[in-house]
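To start, the structure under review is shown below, and the notes come after it.
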Amino acid sequence: MKNTLKNISKVIAVAGVLAACNPLQLDEIQDPNNPSVGSVSDNATREQIQFLITGLESRHRGYVTNVSQAWNTFGREIWYLNASDPRFQTDWLGQNGRTPDRSYFGFGNTGGGSYASPYQAINQANVLVTASENTENISASARSAVSGFAKTIQGYQYMIPANFVYENGIRIDVSDPLNPGPFVPYAQALDAIKAVLDEGDAALGSAGSGAFPFTLTRGFDGFNTIEGLRQVNRAITARLNAYRQDWQGVLTALDASFMDLNGDLNAGPAHPYGAAPDVFNPLFYVPNAAVNTIIVVHPSVLEDATPGDLRVASKFLERDTPVTVSTDAGTLVGTHQDSRWASNTASIPFIRNEELILLKAEAHANLNQSAEAVEAINIIRNAAGLGDYSGATTQAALIDEILYQRRYSLWAEPWGHRWIDARRYNRLSEIPTDFDGGTIFTQFPHPQAELSWEEYVGN
C-alpha cells in the first residue's frame, strides 16, 4: 500500500456486464455476469465481445439517477423532495452553511453516480477494447468499430466526474486501476477527453461503413451504423468543445453530427429501460401519486417561464395536491412534477438534436455571428410557440437569450445543464436561493475513496 489505500481502484468495478437474465458462459469463473479480465483478454469469442458491449451500455446509464437528482438540484432546476431523509434537502441545497466534503451525503465514499459510475463505465470500455484487440475471432474492421464505440462512451463518461469536481481535476489514465495516473486540471482534462473522442471517431472511420458489427440496444436505434455512431461521437464532441470554449470546434463537430435544423428536436441516442430483469426509468413518477419522494419543478422555473411556452405545458404537470417537506430553513412546496416520461419503461435521451441546435446558436453568438445565432434561436423559440427573437443582437444579449432557452429546452436532463452553464459563464450567483435558504456549490472535492495512503494516515 505504498501508493494508495483508497484510490480509484476501489471506485472501478472490473469488467461488469449486464445480462443477469442470460449469463455469459466463460471459462471457469465464479460470476458469469462479471467475468475476469483474463477470461476475455485473450482471444475472446464474439459472444464475449457482445456481452461486454451490452455491459458497457448498462454502465453507460449508471450516472443517470444521481446526476439527475443532485446536479439539477444544485442548479435549482428541481427540488428532489424526500420527506424520509432531510439530508436530500439540507445537504444538497447547502442549507445551514453545509458545504461539500469528501464524504458528502449522496456521494459517499466513492462519489456515487457522479464519480464512481462513470469510472466503472470507463474501465468497462478499457476491457472491451483490450478484448477486441486481442482476439482473432472478429475482423480488423470489427475491432476498429468496437474500439470506436468504446472510446465514444468513454469520452461522454469522463465529462461527468470532470464537471463534478471541476477545478480539482480528474484522473484520465486509469488503464491500470491499481496504479492510476495523476489528477489533471479541468482544462487539461477536457483536452484529454477531446483526444479520446477523436480517437473514437478515427477508429469508427477505419471500420468502413454499414451496420455496426454487434447488437446495440434500442437506445441506439437510428444510430446503430458506423456513420450513425460517428454522428453521436461528434455530437458529444460538440458539447465538450463548448466547455473548452472552442467555438469553431463546436461548429465543426456539429457539421459531422446528427444535428438537423429541420428535424425532430428529440432525435438522438438514449438510455433504454424496461421491466425486470432490466430496470425501470428512475425519473418516472406516477402522476399525482401520494409519495414522499419525488422530483418537483423548482419554483423559479415556473416564475420565470414565458407565458405560452409549450415546454411548460409538456414537461410540467401541476399536481392536484402539492408535495411539502419541512426543513430548518422553512417548508419547501412542490406544486408541479415532471411529466416528460409516458411510462416507467420510457427511454431517457443522453444528447438530443435540440441541444445541438442550441450549441450552434451559442457558438455563433460567441463568434459574433449574430444572424446565424438568431436563426438557430428562432428554431427553438418557434418550436416552443414563442415566435421569432426580437431582442438586441449584441453578444451579451444573445448569450442571455440562449442560456434562457437552454434552461427550458434542457430542463432537468440527466446532465445538470443549468448548473454547468451558470458556472462556465460565471453566473452561479444568478441561481436563486431565496426559496430554500441554501447555497450554490461551485464544485466538489474528490470523494473519500481517492485519498492516498499518506493522506489517509495523516487524517
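The values are calculated or read from the model by the stated rules, or taken from the named source; none is laboratory data. Just so we're clear, the structure is a prediction, and the values are computed from it rather than from any experiment. Here Cβ is always computed from backbone atoms with ideal geometry, including for glycine, and neighbour counts include all displayed protein chains. Surface accessibility is based on the protein's heavy atoms, side chains included, excluding ligands, DNA and RNA. Shrake-Rupley method; radii C 1.70, N 1.55, O 1.52, S 1.80 Å.
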Rounded to the nearest whole Å², what accessible area per residue is found for region 234-370 with the 1.4 Å probe?
-> 40 Å²
Hey, what do the phi angles of region 426-433 turn into as Karplus ³J(HN,Hα) couplings, whole Hz, using 6.51/-1.76/1.60 and θ = phi - 60°, x for Gly and Pro?
-> 6, 10, 4, 5, 7, 6, x, 10
In the calculated pair distance distribution of region 62-173, what percentage of Cα-Cα distances lie above 25 Å?
-> 36 percent
Would you work out what percent of the accessible area of the chain, with all protein chains in place, is carbon or sulfur (probe 1.4 Å)?
-> 48 percent
Using the alpha-carbon centroid of each, what span in Å lies between region 71-110 and region 314-359?
-> 17 Å
Tell me, what is the FRET efficiency for D328 and N168 to the nearest 0.05, using R0 = 30 angstrom and their Cβ-Cβ distance as r?
-> 0.60
Quotient of Cα radius of gyration and Kirkwood radius for the chain, i.e. Rg/Rh, equals 0.96
Any idea how far apart Q188 and Q248 come out in nm if each label point goes 7 Å out from Cα toward Cβ?
-> 2.6 nm
At the level of C-alpha centres, the distance separating region 271-303 and region 238-263, in angstrom, is 30 Å
Provide the FRET efficiency to the nearest 0.05 for the V279-R87 pair, computing r from the beta carbons and using R0 = 35 Å.
-> 0.90
Apply the Karplus parameterisation 6.51 cos²θ - 1.76 cosθ + 1.60, with θ equal to phi minus 60°, to every residue of region 328-334 and state each ³J(HN,Hα) to the nearest whole Hz, in sequence, with x for glycine and proline.
-> 4, 9, x, 8, 9, 10, x
So if R0 is 45 Å, what FRET efficiency would A289 and L261 give, r being the distance between their Cβ atoms, rounded to the nearest 0.05?
-> 0.70
PRE reach from Q443 (point 7 Å along Cα→Cβ): which of region 160-186 fall under 17 Å by backbone N?
-> 160-173, 182-186
With x for Gly and Pro, the residue-by-residue ³J(HN,Hα) of region 390-397, computed from phi through the Karplus equation 6.51 cos²θ - 1.76 cosθ + 1.60 at θ = phi - 60° and given in whole Hz, is 10, x, 5, 10, 5, 4, 4, 5
Output row, site S343, 7 Å Cα→C-beta label point, backbone N cut-off 11 Å, window region 35-75, residues none
Taking Cα atoms only, Rg over Rh for region 186-261 with Rh from the Kirkwood formula is 1.00
Helix 226-243 sits at what angle to the longest principal axis of the chain, using alpha carbons and giving 0 to 90 degrees rounded to 10?
-> 50 degrees
Protection-proxy order for peptides 140-151, 345-356, 287-298, each taking the mean of Cβ atoms within 10 Å per residue, highest first = 140-151, 345-356, 287-298
